[in-house]
Ligand SMILES: *Cc1c(COP(=O)(O)O)cnc(C)c1O
């Protein structure tokens, strides 16, 4: 038996007919950008998140970048981001001309350590981007408290956490704005690229919409320097097919996570830690192991694929070498990069596949 890291086949088997029908409908209507499908999905997704406004855009990176720009963040400003996130979080800051300031995560939750945010604030700090990494919500009360103390904006990075709850409320509803990615592998994925910004602030959402549509408020009238970043009709229609199944698909991931949590008892493997009062959606099931590379090899020899999220922290990426940050600067992020391993997790994963992963992880002797 082989266990892939991810598979779209069970989702395609369940929803393929509806996805094809959506495709045919749009082909018949011949409207491909900014029409009823995007409008419909934006309303449905705002409702799902429990927020007032949603604006579709091209991808998750743009969702974060447009949010920052809409809030007026730019050159000379600093934005706090976790040191162990995907590079897109930092790039969004860089692309508005601001500087990303890295703050270490709590090694148990993998999420930004709210206590350390305090120490990273300077007179230039304008915003914090908490990332609900691997699908587990950040401690939003602590993040919001620090933000209020210093008058900072909060832009949630929800790219891995569609539907996750903090104290009974969906992520994306806590900050001034939140960015989502609909990259196919995300918990809610399109059949291509896509993204969205949600916000309870009408003006912020309106600015995001203008910025993503060439800075125009009406056709051929441009009141700001904008971008081209829109959610196309095809992707919006596919997302509308998948959204009603999101809670169910997340529940499958939660079941798999529960079985991993109960079944894996290898002392060499550190299991993920879930804080009180949250409902994670397990975009990634992340364990840690000192002999991570050996564990990955051991699993692959038994036909089990695994992943690393992420093998090199952002401050050590060549692209950010100009920030002059060296090894040892963010030891927690570095430790996570060295020891983190992502186990298979996908809708349609069979009980036998889950059992095999548990059995093999438990039989790893280092
Ligand atoms: C995927 C991801 C993004 C970027 O999303 P894209 O749609 O690929 O641009 C941003 N932040 C995090 C944490 C992500 O995982």
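List every residue pair whose Cβ atoms sit under 6 Å apart, with the two residues 6 or more apart in sequence or on different chains, where the first one lies in the stretch 61-74 and is on the phi < 0 side of the Ramachandran plot and part of a loop (DSSP other than H, G, I, E, B) and the second, anywhere, is modelled with pLDDT of 95 or more and more than 12 Å from the ligand (Cβ to nearest atom).
71/153; 73/96; 73/98; 73/126; 73/127; 74/96; 74/97
Which ones in the stretch 75-95 are assigned to a loop (DSSP other than H, G, I, E, B) and surrounded by fewer than 24 Cβ atoms within 10 Å (Cβ to Cβ)?
Residues of the stretch 75-95 assigned to a loop (DSSP other than H, G, I, E, B): 75-77, 83-86.
Passing the criteria: 75, 76, 77, 86.
Hey, among the residues in the stretch 1-20 that are touching a residue at least 40 places away in the same chain (Cβ under 8 Å) and farther than 22 Å from residue 343 by Cα, which one's surrounded by the fewest Cβ atoms within 10 Å (Cβ to Cβ)? Break it down stepwise before answering.
Our first condition is that a residue be touching a residue at least 40 places away in the same chain (Cβ under 8 Å); within the stretch 1-20, this holds for 1-11, 13-15, 18-19.
Of the ones still in play, those that are also farther than 22 Å from residue 343 by Cα are 13-15, 18-19.
On the way: 13: 10, 14: 16, 15: 17, 18: 16, 19: 17.
That would be 13.
With the condition kept exactly as written, say whether any residue in the stretch 182-202 is more than 12 Å from the ligand (Cβ to nearest atom) and without any contact (Cβ under 8 Å) to a residue 60 or more places away in the chain.
Scanning the stretch 182-202, I find no residue that is more than 12 Å from the ligand (Cβ to nearest atom) and without any contact (Cβ under 8 Å) to a residue 60 or more places away in the chain, so the answer is no.
Would you confirm, using the coordinates I've provided, whether residue 130 is more than 19 Å from residue 54 (Cβ to Cβ), crowded, with 23+ Cβ neighbours inside 10 Å and within 13 Å of the ligand (Cβ to nearest atom)?
Numbers: more than 19 Å from residue 54 (Cβ to Cβ): yes; crowded, with 23+ Cβ neighbours inside 10 Å: yes; within 13 Å of the ligand (Cβ to nearest atom): yes.
Yes; evaluated as a whole, the condition is true for this residue.
Just for the stretch 66-100: of the residues that are under 14 Å from residue 212 (Cβ atoms) and in contact with a strand residue (DSSP E or B) (Cβ under 8 Å, 6 or more places away or on another chain), which one is nearest to the ligand (Cβ to nearest atom)?
Of the stretch 66-100, the ones under 14 Å from residue 212 (Cβ atoms) are 66-70, 92, 95-96.
Remaining after also requiring in contact with a strand residue (DSSP E or B) (Cβ under 8 Å, 6 or more places away or on another chain): 66-68, 70, 92.
Details: 66: 12, 67: 12, 68: 13, 70: 17, 92: 8 Å.
Top of the filtered list is 92.
Regarding the stretch 224-239, can at least one residue be identified that is assigned to a loop (DSSP other than H, G, I, E, B) and either farther than 29 Å from residue 41 by Cα or without any contact (Cβ under 8 Å) to a residue 12 or more places away in the chain (or both)? Give the derivation first.
Filtering the stretch 224-239 down to residues assigned to a loop (DSSP other than H, G, I, E, B) leaves 224-227, 229-232.
Now restrict to residues that are either farther than 29 Å from residue 41 by Cα or without any contact (Cβ under 8 Å) to a residue 12 or more places away in the chain (or both): 225.
The answer is yes; a qualifying residue exists.
Which condition number in (1) under 22 Å from the mean Cα position of the chain (by Cα); (2) under 27 Å from residue 155 (Cα atoms); (3) surrounded by 13 or more Cβ atoms within 10 Å (Cβ to Cβ) is the one that residue 271 fails?
If we test residue 271 against (1) under 22 Å from the mean Cα position of the chain (by Cα); (2) under 27 Å from residue 155 (Cα atoms); (3) surrounded by 13 or more Cβ atoms within 10 Å (Cβ to Cβ), just (2) comes out false.
The values are calculated or read from the model by the stated rules, or taken from the named source; none is laboratory data. None of these values were measured; they are calculated from a predicted model. All Cβ positions, even for glycine, are placed from backbone atoms using ideal geometry, and neighbour counts span all protein chains on display.
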